[in-house]
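Let me begin by presenting the structure, written as structure tokens, before commenting on it.
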Amino acid sequence: MDSRFLPATAFIDPEGRNRDEVERLVQQVVDLILGQLSGAAERPPMPETVDLPGTIAIPETAATEAALLEAIRDMVDGSMNPANPGYIGHMDPMAATMAILGDLVAAAVNNNMLSLEMSPSFSRLETLLLRAIAGLFGLGEQAGGVLTSGGSLANLQALAVARNVAFDSVEPGITGLAQRPVIFASEVAHTSLQKAAMLLGLGTTAVIPVRATADSRMDPEDLRARIDQARGAGQHPFCVVATAGTTTTGNIDPLAEIGAIAREHGLWFHVDAAYGGALVFSERHRWRLAGIEHADSITFNPQKWLYVAKTCAMVLFRDAGVLERAFRIPAPYMRATDGFINLGEIGVQGTRHADVVKLWLTLQHIGQQGYARLIDEGYRLAERVVEGVRQRSFLRLAGEIDTNIVCFRGEPDWLPADRWDDWNAALQAHLLREGHIFLSLPVYRGGRWLRAVLLNPYTSDRVIDAMFEQIDRFAGREHGLEQ
């Protein structure tokens, strides 16, 4: 092949002829990344500006390595910076070291999780590891699952299996059903459930909202009433979704009660534990997931509280055989393997990145005790934030906390209520600008709230104290202006 138009480092020569050149390039990129990450505390949690040209062109000839390195630096500078200890606004943690290196390994060998033939070790590893994680949730020896690119796909697959089991719809579909299939979920459940219902042909209104309590947990008695109402209206309930770690407030539904109601009515019980599922690693806090062991399926995202680089999520099933019978589409172009089902046949995705590499390496590197300490420290910091909010009469908590997420807002009595949203937005901007502390600003209960997610292992008491110092400074200044 004529390689005159390719840079010498375009590929790694399998006979090692360009190893020195590639090694030099790799070292420059690694040095750049290490410099950025080890200095992350000096950069703000969110970029002040993002400078991109109005148009992007693909060059006719190869860019120089110097230009590529500069582009990498610019991209990093323009990215959110979750490694900054003041980044406490979203469920997006800094990535663990082995998660970063695991992605490098997976990209280097570039296996395809479609089939065992295309990923001989990784496919087996994924099957065994997810079985072990299902065991932590108490799902039993027949459990299994697959990794997905995010919790939305995990929820989609769980609901697809639940629908197919309830209506035997793998081949005939659901167009001929006499009654409309419906799902029940808390009114504050994740919007991926509506997306899943839409994609499954049920329509977004097939997800019937169940009232949440003042502490953002599903009300079991309202669930019972909604089920009865749906049946009375000629609908066909088939699934109940409980949430373990709601997006805005981090609260956990009463899983045991909801599971019992699902069993009483013969409904599939799915738990969206994308965030809160990590609590199985904490001896002190796993009781909060009591009842999850009765789930028929579980969504869990290690890319959140387990610090695995995106993307890394999974859907687990109590009975892996049900997953196979109610979802598998055999692919004739994939070689049959005795005793092993190709993961591409039982997952929503065919071709997949080998996310299991970074997941397995990170779990090995940190271990259950390490995760328990990280989780427990997150709760300690969350309680510190709660106490700080309670000490200030102009701040109000959204409710009791169940995880390391604290949702609160300012309701200053020196302003009319219709100006509180603007006040909270201005406070968010002040914290970022003056304190390099980032809180998110979700809309909740019809208003703007501030949300702190205490994930970063380098967030300290000093950061929390600095946050409240800035809140007091902002409140004092704004109050003085109003007077």
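The values are calculated or read from the model by the stated rules, or taken from the named source; none is laboratory data. Source: prediction; values computed, not measured. Heads up, the Cβs are rebuilt from the backbone with ideal geometry, glycines too, and the neighbour counts pull from every protein chain shown. SASA here: full protein model, heavy atoms, side chains in, ligands and nucleic acids out. Shrake-Rupley method; radii C 1.70, N 1.55, O 1.52, S 1.80 Å.
Summary of computed values
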read-out	value
Three-way shape label, the range 10-126, alpha-carbon gyration tensor, a/c 1.5	oblate
Globularity ratio of the range 252-313, using Cα Rg and 2.2 N^0.38 Å	1.18
Kyte-Doolittle at least -1.0, axis length at least 15 Å by Cα - qualifying DSSP helices, the chain	19-38, 65-77, 97-109, 120-136, 151-167, 355-390, 420-435, 461-482
Straight-distance crosslink candidates among lysines, where the alpha carbon sits under 24 Å from residue 358 and sequence neighbours closer than 8 are dropped	304, 310
Selected from 170, 134, 357, residue furthest toward positive end of dipole (the chain; charges at beta carbon)	170
Rounded to 5, the percent of DSSP beta bridges in the chain classed as antiparallel	55
Heavy atoms of residue 272 accessible to a 1.4 Å probe, total area in Å² rounded to 10	10
Cα centroid separation, the range 1-73 to the range 427-483 (Å)	36
Between the range 353-413 and the range 293-326, the Cα center-to-center distance that results, in Å	21
